[in-house]
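Notes follow once the structure below has been shown.
The values are calculated or read from the model by the stated rules, or taken from the named source; none is laboratory data. All figures in this text were calculated on a predicted structure; none of them were measured in a lab. Quick reminder, even Gly has a Cβ in these numbers, built from the backbone with ideal geometry, and neighbours come from all protein chains shown. We work out accessible area using only protein heavy atoms, side chains counted, and drop any ligands, DNA or RNA first. Shrake-Rupley method; radii C 1.70, N 1.55, O 1.52, S 1.80 Å.
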Amino acid sequence: MRLLLGSLYMFVVAAAIGLGSTFFALTRGAGFGTLRIGAWTAQPKAGTSGIDPYSRAVIARSGALPISLGDGVAFVATADDRRQPLDGRCEVLIAGMTPTARYFTLTLYDPDGRLVANSVNRHSFTSEELYRNQDGSFEIAVAPRARPGNWLPSGGLERYLLVLRFYDTSVGVATRAEREAPMPSIRRSGACR
């Protein structure tokens, strides 16, 4: 009897650990092969046949359509460079350079993956729309109130996420460091309302 209870206890513990780690991987995006550069994370293999089972489950659960590796890569940021969650009541500055790509987009979403409603119907920037500095760098303000230059309205949401998609780029599975793929910084630049 004691052996049976011990075996049952071990089974329950193993099942709890297995289910808990699976839940964590599915809800926190902790897939294998994650590429992290600054505040940005990507799953370069998400659109390939080499995708890991956890990433496959996350995609199935969310209904997202990943970019295939031959077409590009998508980076997501849910926090700034100091690991503070992106808060739509605060002004955040996205600044710097991007890896070489034929085209890129930067889009602001709510935590459920919907475009953020705002009065000017501005949800994203493309690489062709940005006002740039002479050295090719750029700055985009994400804020609840209008700002001069490149501005994305946050709608005052408590939380949001940014998705930076690069098309026809060499950034992918072999990329390991920021020197190989310079990503823009994300920092809080003003007061919160």
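Amide hydrogen proximity for residue 152: with H placed 1.01 Å from N in the peptide plane, the residues at 5 or more positions away or on another chain lying under 5 Å are 141, 142, 143.
I'd like the GluC sites (Glu not before Pro) in segment 121-170 restricted to DSSP loop residues with at most 16 other Cβ atoms within 10 Å, sorted by number. The qualifying sites are 128, 129, 158.
Rolling a 1.4 Å probe over the protein chains gives residue 10 an accessible area of about 120 Å².
Heavy-atom accessible area for residue 103, with the other protein chains in place and a 1.4 Å probe, reaches approximately 70 Å². Residue 75's amide H: which non-local residues (gap 5+, or another chain) put their own amide H closer than 5 Å, with H modeled 1.01 Å from N in plane and none for Pro or chain starts? Residues meeting the criterion, in which the H sits 1.01 Å from N, are 164, 165, 166. Once the C-beta distance of residue 170 and residue 135 is scaled by a Förster radius of 22 Å, the resulting FRET efficiency is 0.55 to the nearest 0.05.
Figure note: 192, 90 ranked by solvent-accessible area, largest first, 1.4 Å probe, ligands and nucleic acids not counted: 192, 90.
Estimated at 0.36 nm per residue, the fully extended path between residue 188 and residue 12 surpasses their Cα-Cα distance by 58.9 nm. When the charge dipole of segment 128-167 is built from unit charges on Cβ atoms (+1 for Lys and Arg, -1 for Asp and Glu) and taken about the Cα centre, the candidate among 164, 133, 144 whose Cα reaches farthest toward its positive end is 144. Would you mind counting up the charge near residue 108? Only other residues with Cβ under 11 Å from its Cβ, with Lys and Arg at +1 and Asp and Glu at -1. Cβ neighbours under 11 Å give a net charge of +1. Residue by residue, segment 141-152 carries 3J(HN,Hα) couplings of 8, 10, 8, x, 10, 4, 10, x, x, 6, 9, 10 Hz when phi is fed to the Karplus relation 6.51 cos²θ - 1.76 cosθ + 1.60 (θ = phi - 60°); x denotes Gly or Pro.
Sites listed here are trypsin sites (Lys or Arg not before Pro) in segment 92-163 whose DSSP assignment is loop and whose Cβ has at most 11 other Cβ atoms within 10 Å: 114. Rounded to the nearest whole Hz, the Karplus-based 3J(HN,Hα) values (6.51 cos²θ - 1.76 cosθ + 1.60, θ = phi - 60°) of segment 72-85 follow the sequence x, 8, 10, 10, 10, 10, 10, 9, 7, 5, 8, 6, 8, x, with x at glycine and proline. With a ≥ b ≥ c taken as the square roots of the eigenvalues of the C-alpha gyration tensor of segment 102-173, please select rounded if a/c is under 1.5 and otherwise prolate if a/b is larger than b/c or oblate if it is not? Judged from the Cα gyration tensor, segment 102-173 comes out oblate (a/c at least 1.5, b/c at or above a/b).
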